[in-house]
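What follows is a short report on a single structure.
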């Protein structure tokens with residue numbers, strides 16, 4: 001950090017230690033609860049303060065997150081945070097995904113623990129209220145500046161000054177917090193993709209017709225990287241993402257024939273519910289932040305870019321990184337070296353997979369533009385490894401390294417090449433398995 005001196009007391013947080021957490025979302029609350037639980041196990045009493053300016057209760061704010069929570073989120077909340085998982089907030093159990101390319105589609109059924117669709121704002125409200133009930137101090141205020149000293153850190157807020165031994169950044173993509181952390185530490189926020197989100201109420205019959213599958217779209221559009229339609233109990237959540245998406249592009253997406261085809265009674269949009277098709281804009285990280293830890297500070301969740309770069313799995317990653325930060329603070333220390341050796345090391349499952357995710361993202365965008373994903377879908381209908389790879393890619397149930405390994409298995413990769421050549425020559429459709437095997441054997445030899 002700029003201008004600070006090395007402190008002799010940057011070891012594990014001691015009895016009476018003070019932690020300031022900026023942000024009361026899943027990352028911040030998970031860190032607070034993990035600190036409380038682990039400190040109790042170690043026989044220490046630590047003071048934890050969460051700073052959160054939003055009011056989650058009463059649904060006063062709209063969260064642009066689609067709100068699909070992937071395994072093992074339930075076990076993390078129950079086993080690591082010692083909270084009942086709020087199944088009462090569930091709107092839908094996701095039974096699988098239907099992946100759409102330019103001309104093809106494939107159904108990818110869930111075979112393990114399903115992901116859960118819920119209202120993110122309600123989940124955040126539940127988590128923050130649980131923290132309060134556990135005795136964690138929650139201040140409804142905005143952090144506006146901070147200062148580092150040899151033996152403590154100061155956070156200025158809209159309402160009061162808060163002092164602590166270490167500060168945890170869990171502000172998501174808030175520009176204000178990113179700005180003052182950049183000035184004081186050299187932190188650089190992750191790169192982001194923009195998203196437009198809306199919802200549509202097709203009625204009870206329409207929701208029944210739609211089912212419990214998420215429809216994921218990889219269009220040829222040069223500015224829409226992907227889109228999705230997700231069932232959420234009584235409505236459908238519709239979102240698109242890309243570097244420069246806007247409301248005009250959302251209207252273009254909604255006008256696409258493949259999208260219109262799956263939206264029940266869409267000609268009645270806006271007549272059933274006044275909230276239909278109101279657009280909200282947000283963003284989510286697609287790279288790792290720089291200098292996201294140092295002496296007396298660590299940044300977690302979206303603010304650190306610690307999530308999968310193509311398919312976020314953001315809430316699960318937020319909870320995980322919050323828990324890992326708490327363990328580092330209590331067991332190893334609050335110095336830059338401690339966060340490097342333990343916090344960053346604990347997150348290697350996310351960090352190591354990031355280049356593979358970015359490679360997958362780049363490949364997918366290019367192939368979508370060239371209409372080369374259609375042959376991939378045709379091959380996946382009869383190739384188990386490739387079908388599993390597609391499911392893992394859209395569901396975030398496995399790493400992108402493993403996804404790419406399945407895609408580039410000789411049998412899968414060569415079958416894709418053969419189908420692509422047939423597609424380019426105008427011979428689309430079912431490819432003879434004996435022909436694929438013959439070509440595969442020749443290439444391997």
Helix 410-424 vs. the chain, principal-axis angle (Cα, 0 to 90°, nearest 10): 60 degrees
Would you mind telling me the antiparallel percentage of the DSSP bridges in the chain, rounded to 5? 70 percent
Quick one: Debye curve from the C-alpha atoms of region 306-360, no solvent, what's log10 I(q)/I(0) at q = 0.21 Å⁻¹? -0.75
Over region 232-383, what is the relative contact order in whole percent, taking alpha-carbon pairs under 8 Å and six or more residues apart? 16 percent
Could you order the peptides 167-174, 148-155, 107-114 from most to least packed, using the average number of other C-beta atoms within 10 Å per residue? 167-174, 148-155, 107-114
With angles folded into 0 to 90 degrees, how steeply does helix 120-133 sit against the dominant principal axis of the chain? Use alpha carbons for both and round to 10. 30 degrees
With a Förster radius of 51 Å, plug the Cβ-Cβ distance of residue 366 and residue 149 into 1/(1 + (r/R0)^6) and report the FRET value to the nearest 0.05. 0.55
Could you tell me what fraction of 2.2 N^0.38 Å the Cα radius of gyration of region 20-165 comes to, as a two-decimal ratio? 1.28
As computed over region 131-228, the Cα convex hull volume per residue (Å³): 201 Å³
When 13, 99, 89 are ordered from fewest to most other Cβ atoms inside 10 Å of their Cβ, what list results? 89, 99, 13
Based on other C-beta atoms within 10 Å, arrange 175, 385, 400 from fewest to most. 175, 385, 400
Here the Cα Rg-to-2.2 N^0.38 Å ratio for region 281-340 is 1.16
If one compares the long axis through the Cα atoms of helix 175-185 with the longest principal axis of the Cα atoms of the chain, the angle in degrees, nearest 10, works out at 60 degrees
If contacts are Cα pairs under 8 angstrom and at least 6 residues apart, what is the relative contact order of the chain in percent? 19 percent
With N set to the number of residues, divide the alpha-carbon radius of gyration of region 192-284 by 2.2 N^0.38 Å and report two decimals. 1.02
Whole-angstrom Cα spans of the chain along principal axes, big to small: 71, 61, 36
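Computed from the coordinates by the stated procedures, all read-outs in this text should not be read as laboratory data. Computed from a prediction, not measured in an experiment: that's the story for all the values here. Glycine gets a Cβ as well: all are built from the backbone with ideal geometry, and neighbour counts include every protein chain shown.
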